[in-house]
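Asks: Have a look at this one.
Taken together, the values in this text are just the output of simple stated rules run on the coordinates, not laboratory data. It should be emphasised that the depicted structure is a prediction, and the values quoted were computed from it without experimental measurement. With ideal geometry, Cβ positions are generated from the backbone for all residues, glycine too; neighbour counts draw on all protein chains shown.
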Amino acid sequence: MTEPLVAEDLRKSYGDTTALDGVSLSVGEGEVFGLIGPNGAGKTTLVRSLTGTTEPDSGTVSVFGTDPQSADRQRLGLLPQAFDPPERLTARELVAYYAGLYDEARDPDTVLAEVGLDAADDTWYENLSGGQQRRTCVGTALVNDPDLLFLDEPTTGIDPAGRRALWTLVEDLADRGTTVFLTTHSMEEAERLADRVGLLADGELAAVGPPSDLVAEYGGRTRIVVELDADAESPADSADGRPPSARAADALAAADFEVEAAEGRLVVTGVLPEDIGAVVAALNDGGVAYDSLTWTEPDLEDAFLQLTGESVAAGEGVALGRPADAVRGEDTGDDGETALAGGDR
Ligand SMILES: Nc1ncnc2c1ncn2[C@@H]1O[C@H](COP(=O)(O)OP(=O)(O)OP(=O)(O)O)[C@@H](O)[C@H]1O
């Protein structure tokens, strides 16, 4: 069976800027494919290439087995990132206008209700809030009940409740067999909606897979971040001239935990839920005073940051200034002491 959407080796440059650098992908029937990537990664250029609104320099696109220009428009829905409809139409008129472009279309009022706009449907588009305008645009993309739906940043500007309502709508569409190609900057959105996520970086797909696979492969490990109480960290107050966190780090390392010290923090990685108690006990035994202690599991954002070359730690505000070895196992000592007592304080 032909996949609804297949792209092979798409390349597109604008002058010296390479927007797409050999992108190949295929999306199966009823699948939600989420495309994520930093600003300027090429997401919109890819959507435009897949929908035939821009011509790639090379490579091929197949939509329902044919090129995008020849594909049956009745079966396609597109929400572009920038949408500039005639403003002196009400939301209902706008959706009805789009309905009129198709041989068969859904009832505009039903579509407006689905996107949560029934209360504002007689308001001119120009007077709708940004989020309501975006919902109206989503409605225009749904009005022909497409088999393949492209959504380029559908929830940008929509409030949290509206976003969740839209997610439910997309899930329902996918359950009914609609294939969805979605771009987003929201990792939560990608993680929740996408069966597979593609990470585009510098015009290339750096990784593709189910969100859980990407998190497992690139997200790093579980960790506990301990924000130390700076006032209680004075080495001068302790018997051995070392701050409490240095001794606790030694104890944790001796118990085979991986500990990193940074400015005002200890980060203990690879901590399973059942190990949390042991870590807390080691901190308490060492007399460590802390402002907060947070256990985190890696998520898609961690994988994204890792794959785009940014440090996971930096992304979360855990700016680790020293290599882990400085306070680990047999390497503790002067180095560890410096890392905790002198180097970062
Ligand atoms: N029409 C154009 N003319 C010149 N350069 C362009 C054009 N369209 C896109 N680009 C460039 O191509 C690159 C990819 O842009 P694109 O809009 O596809 O990225 P994006 O991933 O959608 O970004 P964002 O997340 O910011 O929307 C960028 O460097 C952009 O400046």
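Asks: What trypsin sites (Lys or Arg not before Pro) does segment 58-126 have in DSSP loop regions with at most 11 other beta carbons within 10 Å?
Replies: Arg88
Asks: Given springs between every Cα pair under 10 Å in a Gaussian network model of the chain, which of Asp16, Asp213, Asp118 has the largest fluctuation?
Replies: Among Asp16, Asp213, Asp118, the largest GNM mean-square fluctuation belongs to Asp16.
Asks: Under a Cβ-Cβ cut-off of 10 Å, what is the net charge of the residues other than Gly131 that fall near it, where Lys and Arg count +1 and Asp and Glu count -1?
Replies: That works out to +2.
Asks: Taking the Cβ of Tyr290 as the center, what net charge do the other residues with Cβ under 13 Å away carry, scoring Lys and Arg +1 and Asp and Glu -1?
Replies: Net charge in that neighbourhood comes out at -4.
Asks: Hey, got a sec? Which trypsin sites (Lys or Arg not before Pro) in segment 139-227 land in a DSSP loop and have at most 16 other Cβ atoms within 10 Å?
Replies: Those that pass, being in a loop and sparsely packed, are Arg176, Arg221.
Asks: I need to check one value: relative contact order of segment 142-237, counting alpha carbon pairs closer than 8 Å and at least 6 residues apart, in percent.
Replies: Computed value for segment 142-237: 21 percent relative contact order.
Asks: Mind pulling the angle between the C-alpha long axis of helix 130-142 and the longest principal axis of the chain? Nearest 10 degrees, somewhere in 0 to 90.
Replies: Around 60 degrees separate the two axes.
Asks: Let me ask something additional. What Kirkwood Rh does the chain have if only Cα atoms enter the pairwise 1/r average? Answer in Å.
Replies: 22.9 Å
Asks: So for the chain, averaging the separation of alpha carbon pairs under 8 Å that are six or more residues apart and normalising by length, what relative contact order in percent results?
Replies: Reported as a whole number, the value is 17 percent.
Asks: Sticking with this structure for a sec: Under the rule that an exposed site lies in a DSSP loop and has at most 16 other Cβ atoms within 10 Å, name the longest stretch of the chain with no chymotrypsin sites (Phe, Trp or Tyr not before Pro) of that kind, not counting the sites themselves.
Replies: Longest run free of exposed loop sites: 103-345.
Asks: Segment 89-142 to segment 187-211: how many Å between their Cα centroids?
Replies: 29 Å
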